[in-house]
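In what follows, a single structure is set out as structure tokens and then discussed.
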Amino acid sequence: MTKSWTTQSADETMRVGRELAAMLQPPRMLILRGNLGAGKTTLVKGIAAALGDATEDDVTSPTFTLVHEYGGGGTMLYHLDLYRLEKERELDALGIDEMQRNDSLVLIEWGEKFLSLNARADGEIALEHAGGDARTITLRLNQ
Ligand code: ADP
Ligand code: MG
């Protein structure tokens, strides 16, 4: 299935994140695709807040640590940003297998760079600049 939204601000993107959280029953692994500044991390803020795992302010970019983990709301949320990762085999150290549990949602910024993640993901959420502060957000689920 495919579903799209257009937002005009970061707040609106967080609201879409809240809506998405209700649609994404775990277990699920999704690639968050989009250029720098497209709003991938902003979207995760809304998702984490709706799951009750973190406040929007608690969610920050895992650019340097690669993985941030949020729990407490019932669904575990793993938020990865692989922008700085170059080689497929560097993925092994992250333990993504262990993150894929029945109660977890795994959201991976820049996951499309890696063949093995493209193969394993249940779909993607793509964010695109649409002029000024506008963004289009498209959810594509494989089933
Ligand atoms: P990414 O993780 O894709 O690199 P971020 O979510 O970190 O992007 O940053 C998006 C930036 O764009 C933030 O500074 C945010 O305030 C701004 N912004 C402006 N309009 C929007 C919008 N419609 N949706 C999301 N972010 C927006
Ligand atoms: Mg980001």
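The values are calculated or read from the model by the stated rules, or taken from the named source; none is laboratory data. What you see is a predicted model; the values in this text were computed from it and never measured. Using ideal geometry, Cβ is built from the backbone for each residue, glycine included, and neighbour counts are taken over all protein chains shown. Calculation scope for accessible area: heavy atoms of the full protein, side chains included, ligands and nucleic acids excluded. Shrake-Rupley method; radii C 1.70, N 1.55, O 1.52, S 1.80 Å.
Hey, can you tell me all the residues within the stretch 20-55 that are in contact with a helix residue (DSSP H, G or I) (Cβ under 8 Å, 6 or more places away or on another chain) and open to solvent by 50 Å² or more (accessible area, probe 1.4 Å)?
Passing the criteria: Ala22, Arg33, Thr55.
Only residues in the stretch 56-69 that are farther than 16 Å from Leu94 by Cα count as the first member; pair them with residues that are at pLDDT 95 or above and among the small types (Gly, Ala, Ser), Cβ under 7 angstrom, at least 6 apart or cross-chain, and list the lot.
Hits for this filter: Glu56/Gly46; Glu56/Ala49; Val59/Ala48.
Output the residues belonging to the stretch 1-19 that are more than 25 Å from Asp103 (Cβ to Cβ) and either assigned to a loop (DSSP other than H, G, I, E, B) or open to solvent by 80 Å² or more (accessible area, probe 1.4 Å) (or both).
If we filter the stretch 1-19 for residues that are more than 25 Å from Asp103 (Cβ to Cβ), which is where we start, we get 2, 4-13.
Scanning the stretch 1-19 gives Thr2, Thr6, Gln8, Ser9, Asp11.
Identify all residues within the stretch 11-32 that are under 10 Å from Gly46 (Cβ atoms) and either in contact (Cβ under 8 Å) with a residue 40 or more places away in the chain or more than 16 Å from ligand 2 (Cβ to nearest atom) (or both); write none if there are none. Can you show your working first?
Restricting attention to the stretch 11-32, the residues satisfying the condition of being under 10 Å from Gly46 (Cβ atoms) are 11-21.
Answer for the stretch 11-32, where residues must be under 10 Å from Gly46 (Cβ atoms) and either in contact (Cβ under 8 Å) with a residue 40 or more places away in the chain or more than 16 Å from ligand 2 (Cβ to nearest atom) (or both): Asp11, Glu12, Thr13, Met14, Arg15, Val16, Arg18, Glu19, Leu20, Ala21.
Please state which of the following conditions Ala21 fails to meet, knowing it meets all the rest: (1) away from ligand 1 (no atom under 11 Å from the Cβ); (2) in contact with a strand residue (DSSP E or B) (Cβ under 7 Å, 6 or more places away or on another chain).
(2)
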